[in-house]
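For reference, the structure is listed below as structure tokens.
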Amino acid sequence: MSESITWGDFEKVEMRVGTVVEVDDFLKARNPSYKLWIDFGAEIGILKSSAQITKHYTKEELVGKQVVAVVNFPKKQIADFMSECLVTGFPDADGAIVLTAVTQEVPNGARLM
């Protein structure tokens, strides 16, 4: 386990739920990836992210799926795409990412508490 953080440290990380509204192949990425457009509700809007999740998910099954993402990281240029949030997940036994998701639908933009 890494070093302990304070409650204040945790509060700085803004993890929100959003619904994937569009997915495209990210052909210029080094590793197989998708470009995602995620709706985080009226307050935040739609943010873009790239994600190396092609092993477990098709583009079709991602549209409409709610995911958890960090929305307050600085934007990051990845090839010709500007990623605006970090979609979260866990590696499976082979290292492929399994998305962090909610088990019941919640409002887009809801913050992890």
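No lab work stands behind these numbers, since they all come straight from the coordinates. Computed from a predicted model, the values in this text were never measured in an experiment. Here the Cβ is made from the backbone with ideal geometry for all residues, glycine too, and neighbour counts use every protein chain on show.
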Gaussian network model of the chain, Cα within-10 Å springs - most flexible of Leu99, Leu47, Leu27:
Leu27
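Taking 0.36 nm per intervening residue step and subtracting the Cα-Cα distance, what contour gain separates Met1 from Lys48 on full extension?
Details: separation 47, 0.36 × 47 = 16.92 nm, distance 3.07 nm.
Net length gain for the segment: 13.8 nm.
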Can you pull out the trypsin sites (Lys or Arg not before Pro) in segment 1-55 that DSSP calls coil and that have at most 13 other Cβ atoms within 10 Å?
Lys28, Arg30, Lys55
For segment 30-96, what relative contact order do you get, as a whole percent, if you take Cα pairs closer than 8 Å and at least 6 residues apart?
29 percent
Cα gyration tensor, segment 42-113 - rounded (a/c under 1.5), prolate or oblate
oblate
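Report the charge-dipole magnitude of the chain in Debye, nearest 20, computed about the Cα centre from +1 at each Lys and Arg Cβ and -1 at each Asp and Glu Cβ. Mind dumping the intermediate values first?
Working: 12 positive and 16 negative charges, 53 e Å.
Approximately 260 debye in magnitude.
To make sure I understand, if each residue's beta carbon is the centre and we count other beta carbons within 10 Å, what order do Ser49, Ser83, Ser4 fall in, fewest to most? Intermediate values should be presented prior to the final figure.
Values: Ser49 25, Ser83 20, Ser4 6.
Ordered by Cβ neighbours within 10 Å, fewest first: Ser4, Ser83, Ser49.
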Give me the extension gain from Asn72 to Val106: residue separation times 0.36 nm, minus the current Cα-Cα distance, reported in nm with one decimal.
10.3 nm
